Amino acid sequence: MVLGIESSCDETGAGLVRDGVLLGQAVASSMDEHARYGGVVPEIAARAHVHAMAPVVREALDRAGLTLGDVGAVAVTTGPGLSGALQVGVAAAKSYAFSLGVPLYGVHHLAGHVAAAGLAGGPLPNPCVVLIVSGGHTSLLLVRDLARDPIVHLGDTLDDAAGECFDKTARILGLPYPGGPAIDRAARDGDPRAVRLPRPLTGAGDDPYAFSFSGLKTAAARWVEGHRAVGTEPRVPDAAASLQEAIADTLTRKAVRACTDHGIGTLVVVGGVAANSRIRALTEQRCAAAGIALRVPPLALCTDNGAMVAAIGDLLVRAGAEPAPLDVSIDPSAPLEYAALTPRPRARRAA
Ligand code: KG4
Ligand code: ZN
């Protein structure tokens, strides 16, 4: 049984996975402590991880009806993320691994998001297209065997991530942090056609799989300024609904196209932004129309958590991957190439 530990941003997560089955998990968040600053304050996040780590691990074990003695391996996010925050999780994971005498695995946070989808509805098919949409990343990936094969990037964002676009526009609209859920809520009372917003990089000559979201945020800002210049208050729900529609339309169009172009029958949508109600609904609709099977993890597995890290650890253990040394270090800007950060899976190394 693998204990997974996540601490790359503002969530302290612990999860327990055995043979692809989630046995228990617990998450503590320092989000409320950051809200008044309008974004995550790295030092506050790191200190909150120190306080939450041991209780969160204990809670996950209690929920699973297990004890530390049942832990057979420890997996931890070693990157990417905030360095101080990552350090706390890695220090905790090393302590558990060393004191329990079990192997340690360092994993990539985004690969964890992908693996989370395999905890609900069975293992992910090989191959599948993965749309990963979080606060810091937006990518279309071609994923084969997560534990063994390199992850192929079909396209990435050229500037802001989708979540960043939600968060920054929410701020412009005067909505609270985190912006994504606030826009999702506000959009319920809005008209998605009220504000004409562009669909970036969807023209005939554009890269079909690349994203660009910074222009959307600017367009929304111009719209707000335009209203204020003539003394009218912008209708926030309309702006929220229009922005959400522009992001959902762009993401789902490109994701479905990636599947059809590559002849792949399954689309997996993961990351915090996959919690968005309109993105979920529109992907469902477009995948159904294109005959593509859709996998979106339940909400609790979309945002950062420890179960996703345990899920990767579980895949690595079962693939016979080489564990990380106890002096493994964090990599705050790790590119997404393999699920395991260090060392590379044995099969690939020998190849
Ligand atoms: O994956 P995640 O929890 O953390 C990162 O690794 O970045 O993603 C956080 C992002 C934030 O930008 C947040 O605003 C966004 O996910 N988010 C949402 C929703 N819930 C969270 N965005 C749109 N709609 C939501 N319902
Ligand atoms: Zn994340």
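We did not get these values from a lab; they are worked out from the coordinates using the rules stated. What you are looking at is a predicted structure, and each value in this text was computed from that prediction instead of being measured. Virtual Cβ from ideal backbone geometry, glycine too; neighbours counted across all protein chains shown.
Report ³J(HN,Hα) in whole Hz for each residue of region 276-282, in order, from the Karplus equation J = 6.51 cos²θ - 1.76 cosθ + 1.60 where θ = phi - 60°; Gly and Pro get x.
5, 5, 6, 5, 5, 5, 5
What size of dipole, in debye to the nearest 20, comes out for region 162-223 about its Cα centre when the only charges are +1 on Lys and Arg C-beta atoms and -1 on Asp and Glu C-beta atoms?
The dipole magnitude comes to about 220 debye.
Rounded, prolate or oblate for region 126-297? Axes are the square roots of the Cα gyration tensor eigenvalues, ordered a ≥ b ≥ c, and the cut-off for rounded is a/c under 1.5.
prolate
By the gyration tensor of its Cα atoms, with a ≥ b ≥ c the square roots of the eigenvalues, what is the shape of region 140-196: rounded for a/c under 1.5, prolate for a/b over b/c, or oblate?
prolate
Indicate, rounded to the nearest 5 percent, the antiparallel portion of the DSSP beta bridges found entirely in the chain.
Antiparallel: roughly 60 percent of the beta bridges in the chain.
Subtract the Cα-Cα distance of residue 202 and residue 327 from 0.36 nm times their separation in residues, and report this length gain in nm to one decimal.
Going from the current span to full extension adds 40.5 nm.
Name the residues whose placed amide hydrogens come within less than 5 Å of the amide hydrogen of residue 134, ignoring near sequence neighbours (fewer than 5 apart) on the same chain.
Placed amide hydrogens put 162, 163, 273 under 5 Å from residue 134.
Measuring from centroid to centroid over Cα atoms, what is the spacing of region 53-92 and region 98-166 in Å?
Cα centroid of region 53-92 versus Cα centroid of region 98-166: 19 Å apart.
In region 1-109, what trypsin sites (Lys or Arg not before Pro) fall in a loop by DSSP, with at most 16 other Cβ atoms inside 10 Å?
36
Need one number: nm distance between label points at residue 191 and residue 98, each 7 Å from Cα along Cα→Cβ, rounded to one decimal.
For residue 191 paired with residue 98, the spin-label model returns 6.3 nm.
Between residue 277 and residue 260, what is the label-to-label distance in nm when each label sits 7 Å out along the Cα-to-Cβ direction?
If labels sit at residue 277 and residue 260, their model points lie 2.9 nm apart.
Around residue 196, what is the net charge, scoring Lys/Arg as +1 and Asp/Glu as -1 over all other residues with Cβ under 12 Å from its Cβ?
0
Sort 98-106, 297-305, 326-334, 85-93 by packing, meaning the average of other beta carbons within 10 Å per residue, with the highest value first.
By packing density, highest mean first, the sequence is 85-93, 297-305, 98-106, 326-334.
Using the count of nearby Cβ atoms within 10 Å as a rough guide to exposure, how do 312, 44 rank from fewest to most?
44, 312
What does the charge add up to near residue 12, with Lys and Arg as +1, Asp and Glu as -1, over the other residues with Cβ less than 13 Å from its Cβ?
-4
Would you kindly derive the ³J(HN,Hα) couplings of region 102-117 from the backbone phi angles with the Karplus curve 6.51 cos²θ - 1.76 cosθ + 1.60 (θ = phi - 60°), listing them in order in whole Hz, with x for Gly and Pro?
10, x, 10, 10, x, 10, 7, 3, 6, 4, x, 4, 5, 4, 4, 5
Defining a contact as two alpha carbons under 8 Å apart and six or more residues distant in sequence, what relative contact order in percent does the chain show?
26
Please give me, ordered by residue number, the trypsin sites (Lys or Arg not before Pro) of region 121-213 that lie in loop per DSSP and have at most 16 other Cβ atoms within 10 Å.
Of the trypsin sites (Lys or Arg not before Pro), the ones in loops of region 121-213 whose Cβ has at most 16 other Cβ atoms within 10 Å are 144, 188, 193, 196.
Please list, in order along region 294-305, the HN-Hα scalar couplings obtained from phi with the Karplus expression 6.51 cos²θ - 1.76 cosθ + 1.60 (θ = phi - 60°), rounded to whole Hz, x for Gly and Pro.
10, 10, 10, x, x, 3, 5, 9, 7, 7, 4, 7
For region 51-127, just say rounded, prolate or oblate: build the C-alpha gyration tensor, square-root its eigenvalues into a ≥ b ≥ c, call rounded for a/c under 1.5, and beyond that prolate if a/b exceeds b/c, oblate if not.
Oblate is the answer for region 51-127, as a/c is 1.5 or above yet b/c matches or exceeds a/b.
Please give the length that would be gained between residue 218 and residue 36 if that part of the chain were fully extended, namely 0.36 nm times their separation in residues minus their C-alpha to C-alpha distance (nm, one decimal).
Gain on stretching residue 218 to residue 36: 63.2 nm.
Between residue 50 and residue 62, 0.36 nm times their residue separation minus their Cα-Cα distance comes to what?
Here the segment from residue 50 to residue 62 would lengthen by 2.3 nm.
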